[in-house]
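First comes the structure, then the notes that go with it.
The values are calculated or read from the model by the stated rules, or taken from the named source; none is laboratory data. Everything numeric in this text was worked out from a predicted model, so none of it was measured. Cβ atoms come from the backbone with ideal geometry, glycine included; neighbour counts cover every protein chain shown. For accessibility, only protein heavy atoms count, side chains too; no ligands or nucleic acids. Shrake-Rupley method; radii C 1.70, N 1.55, O 1.52, S 1.80 Å.
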Amino acid sequence: MSPTAIDLPRGEVILHPLKRGPSARVEPASTQPPQQRPPVFPLLSSLARALFPPPVLAVQTPVTAILVGAGLRGTRYASYAQHYPDLVIVGVAEPNPHRRAAFAEEYQLRDDHVFKDWKEILQHPQLADAVIVATLDNLHVEPTVNLSRLGYHVLLEKPMATRVEDCIELAEEVEKTGVVLGIGHVLRYSYFNLVVKKIVEGGYLGDIINIQHIEPFRLHSFVHSYVRGHWRNEKISTFALLAKSCHDVDLMHYFVGRKFARVSSFGSVRHFRQSQKPAAAKNVNRCLDCPLQDTCDFSAKRLYMNGNTGWPVNTVSSTPEDMESVAHALRTGPYGKCVWDTDNDAVDHQVVNMEFESNGEDQGAPTGTLTMVAMSTGTNRRKTRIFGSRLELEADEEAEEIRLTDLQTLQTMVIRPHEDFDLPEIDLMSGHGGGDYNLVRHFVEGVRAHKAGLSTEGYVPSVQETLASHIFVFAAEHSRKTGVVQSVDEYLREHSREESLEF
């Protein structure tokens, strides 16, 4: 079979459907006698076609965009334009003067397209096709709604909003405008997960019975962001499941392809609480004043004053190369506080049990479990197991392999997407297994399809599908706090302004 050519910027990227067939890694079958069964391990050559959205037009028509919020996530999405000419960044709105000036210089922006506040954009005729909204989580709704009303397509960092009512309002308002809305659910766009989705869609597993998904935090990443950082307390940001795992919920929704029906959830702050504080540190609450500052595993001095000027130090100080600036931030700000003596309420472990809708009264419903845990040596690499009526699928991001096992013959095939397919190294370096740039690519193609009067299906999920994943997350957190088994539809009705609203 000839390679599949995908017309991408900077020359063609050739995706060989199979660089080397997974049949080379088929493990021995069981000693059971052969049975007359349909073949379940064909060469999955068609997988390559699922890894990129087909270009809308034969000639690339660049999409222009303004970045609203030049933080880590926003600049990551915008950097797609430095490698692929189908996106051109033409403006920025950022309140931090250091970030604003650096971004404007990097992208050679016109002075009159550089703004301190996104509201300044409203004073001009439409300046671009789209905006990338990557403000703080609790500041997503207002720029998204107002800029969409002016005709800007919106790529919005996850989550949609930090209140369920705001998510519903945002969805309703954006739908009225008819613009394209992309959400930063990057996991569904990683090449690894696209292969899993294609296998599920192809019916190889049979009927899906159960799905299990584990998100292991990198411990020190959790401490930085959810014990000391902006997401440490629900009152100043939002709860951990929404901030960190809403795209994991979206991924499970994407894989199973059915609506959520019911949910229960359990979790708590188990470790990072005052009762766990070492006795030697009981009279201090800042690391730079602590007698354990040179030995404690979570010492801010060791984590942030070690010569590193990248993440996470650049989130502590805007001038991470200046050690005195970093030290001042640790003496006065949240990142210098003792991990056992902050105002954190973000859970460090949580399990979410889910039931999906059945296809009819005579059919049982698939079930699933999501586990999020901070006490992990993992590198934020997820693991997913999907149990079907014919095959079991085990997807291990850390091992970078997908294992398919026949339930009858016990024959196993191993697929390693990063070896079996020629994937663009630029995308893989962008983050989330290529999902960061592939999300932007799908959004750009969706905007180009919309401008050409074509359907955006296959490029970005519908607003309803995106909202459904968010509603489930809020319902799960409600269950965790109240101890009830929560109907997702009932939760939506209780928080909707319109009783007819159904997703």
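When only residues in segment 102-119 that are in a helix (DSSP H, G or I) and open to solvent by less than 60 Å² (accessible area, probe 1.4 Å) count, which is farthest from PRO424 (Cα to Cα)?
TRP118
Which residue out of GLY368, GLY336 is open to solvent by less than 10 Å² (accessible area, probe 1.4 Å), modelled with pLDDT of 95 or more and under 21 Å from VAL186 (Cα atoms)?
When all the criteria are applied, what remains is GLY368.
Within segment 197-217, track down each residue that is of a type in the set (Val, Ile, Thr) and more than 16 Å from the chain's Cα centre (by Cα). Show your work before the answer.
If we filter segment 197-217 for residues that are of a type in the set (Val, Ile, Thr), which is where we start, we get 199-200, 208-209, 211, 214.
Correct list: ILE199, VAL200, ILE208, ILE209, ILE211.
Looking at segment 316-325, can you tell me whether even one residue there is in contact with a Phe, Trp or Tyr (Cβ under 7 Å, 6 or more places away or on another chain), in the same structural domain as PRO278 (by the TED database), of a type outside the set (Lys, Arg) and under 30 Å from LEU241 (Cβ atoms)?
Looking for residues that are in contact with a Phe, Trp or Tyr (Cβ under 7 Å, 6 or more places away or on another chain), in the same structural domain as PRO278 (by the TED database), of a type outside the set (Lys, Arg) and under 30 Å from LEU241 (Cβ atoms), one finds at least one in segment 316-325, hence yes.
Tally time: how many residues in segment 89-100 are open to solvent by less than 60 Å² (accessible area, probe 1.4 Å) and either out of contact with any His (no Cβ under 9 Å at 6 or more places or on another chain) or among the charged types (D, E, K, R) (or both)?
The total comes to 5.
Of all residues in segment 244-269, count the ones that are within 16 Å of the chain's Cα centre (by Cα) and open to solvent by less than 10 Å² (accessible area, probe 1.4 Å).
Taking segment 244-269 and keeping what is within 16 Å of the chain's Cα centre (by Cα), we get 244-255.
Checking the rest, the ones that are also open to solvent by less than 10 Å² (accessible area, probe 1.4 Å) come to 245-252, 255.
Going through segment 244-269 one residue at a time, the tally reaches 9.
Could you please find all residues in segment 219-241 being open to solvent by less than 10 Å² (accessible area, probe 1.4 Å) and hydrophobic (A, V, I, L, M, F, W, C)?
Listed by number, the residues that qualify are PHE222, VAL223, VAL227, ALA240, LEU241.
VAL484 fails exactly one of the following numbered conditions: (1) closer than 30 Å to SER79 by Cα; (2) at pLDDT 95 or above. What is the number of that condition?
Just one mismatch for VAL484, condition (1).
Is one or more of the residues making up segment 443-458 charged (D, E, K, R), touching a residue at least 12 places away in the same chain (Cβ under 8 Å), on the phi < 0 side of the Ramachandran plot and not assigned by the TED database to the domain that holds LEU170?
no
Looking at (1) open to solvent by less than 40 Å² (accessible area, probe 1.4 Å); (2) within 19 Å of the chain's Cα centre (by Cα); (3) at pLDDT 95 or above, which is the only condition VAL179 fails?
Status for VAL179: all satisfied but (2).
Only one of ALA279, ALA261 is among the small types (Gly, Ala, Ser), farther than 20 Å from PHE217 by Cα and touching a residue at least 12 places away in the same chain (Cβ under 8 Å). Can you tell me which? Steps first, answer last, please.
Details: ALA279 fails: touching a residue at least 12 places away in the same chain (Cβ under 8 Å).
Exactly one of ALA279, ALA261 is among the small types (Gly, Ala, Ser), farther than 20 Å from PHE217 by Cα and touching a residue at least 12 places away in the same chain (Cβ under 8 Å), namely ALA261.
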